[in-house]
Amino acid sequence: MRGLIQRVARAEVAVDGATVGQIGRGVLLLLGVQKGDGEADVLRLARKVVNYRIFADDDGHMNRSLIDVEGELLIVSQFTIAADTKKGLRPSFSSAAAPAEAEVLYEAFIAQATALGVPLATGIFGANMQVDLVNDGPVTFLLSS
């Protein structure tokens, strides 16, 4: 399981021109599920996302987490995060989980993040989505479970 996180001032996701999820200050997570991922990966990555220290403390150091700053989380499914890009000029999606399996783990991730006490919004699994964000920093990290 991979997650591309971006520290944002705000972010929103739309489907067919209608906003389906939006947040203020917090983290945008683009979540990719890979073959072989399971509940342990969900738990590990959810804990990492909400506790990853990417917000500035009083001294300006990245030392505070999403939980610490009481930020929000926008979760958007994105199977391309699971792509293998090592060979050639076209990504391979052979390592991405099948859609039915990925959706179950995506929903489990949402439930876990909610249980960790983070206010969140989501996109719609499998939809063609447009994401609008203001990356704060910019700060972006690729995390793995």
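So, G88, is that one exposed (fewer than 14 other Cβ atoms within 10 Å of the Cβ), over 18 Å from I124 (Cβ atoms) and more than 13 Å from the chain's Cα centre (by Cα) or not? Steps first, answer last, please.
Numbers: exposed (fewer than 14 other Cβ atoms within 10 Å of the Cβ): yes; over 18 Å from I124 (Cβ atoms): yes; more than 13 Å from the chain's Cα centre (by Cα): yes.
It is true that G88 is exposed (fewer than 14 other Cβ atoms within 10 Å of the Cβ), over 18 Å from I124 (Cβ atoms) and more than 13 Å from the chain's Cα centre (by Cα).
For region 1-55, which strands (runs of 3 or more DSSP E) that fit wholly inside it have 1 or more residues that are of a type in the set (D, E, K, R)?
Details: elements: 2-15, 18-23, 26-32.
Fully inside region 1-55 and qualifying: 2-15.
Would you confirm whether or not region 4-17 contains a residue that is surrounded by fewer than 21 Cβ atoms within 10 Å (Cβ to Cβ), closer than 21 Å to D136 by Cα, modelled with pLDDT of 95 or more and among the polar types (S, T, N, Q)?
no
Take R90 and tell me if it is part of a loop (DSSP other than H, G, I, E, B), touching a strand residue (DSSP E or B) at 6+ places or on another chain (Cβ under 6 Å) and more than 22 Å from G21 (Cβ to Cβ).
Details: part of a loop (DSSP other than H, G, I, E, B): yes; touching a strand residue (DSSP E or B) at 6+ places or on another chain (Cβ under 6 Å): no; more than 22 Å from G21 (Cβ to Cβ): yes.
It is false that R90 is part of a loop (DSSP other than H, G, I, E, B), touching a strand residue (DSSP E or B) at 6+ places or on another chain (Cβ under 6 Å) and more than 22 Å from G21 (Cβ to Cβ).
Could you list all residues from region 107-144 that are closer than 17 Å to E72 by Cα, of a type in the set (S, T, N, Q) and not in a strand (DSSP E or B)?
If the condition is that a residue be closer than 17 Å to E72 by Cα, of a type in the set (S, T, N, Q) and not in a strand (DSSP E or B), then Q112, T114 are the ones that fit.
Conditions (1) in contact (Cβ under 8 Å) with a residue 24 or more places away in the chain; (2) touching a Phe, Trp or Tyr at 6+ places or on another chain (Cβ under 8 Å); (3) closer than 17 Å to V42 by Cβ; (4) of a type in the set (S, T, N, Q), marked per residue:
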residue: I75; (1), (2), (3), (4): yes, yes, yes, no
residue: G117; (1), (2), (3), (4): yes, no, yes, no
residue: N135; (1), (2), (3), (4): yes, no, no, yes
residue: F141; (1), (2), (3), (4): yes, yes, no, no
residue: S145; (1), (2), (3), (4): yes, no, yes, yes
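The values are calculated or read from the model by the stated rules, or taken from the named source; none is laboratory data. Here the structure is a predicted model, which is why all the values come from computation and not from measurement. Glycine also receives a Cβ, built like all others from the backbone with ideal geometry; neighbour counts cover every protein chain displayed.
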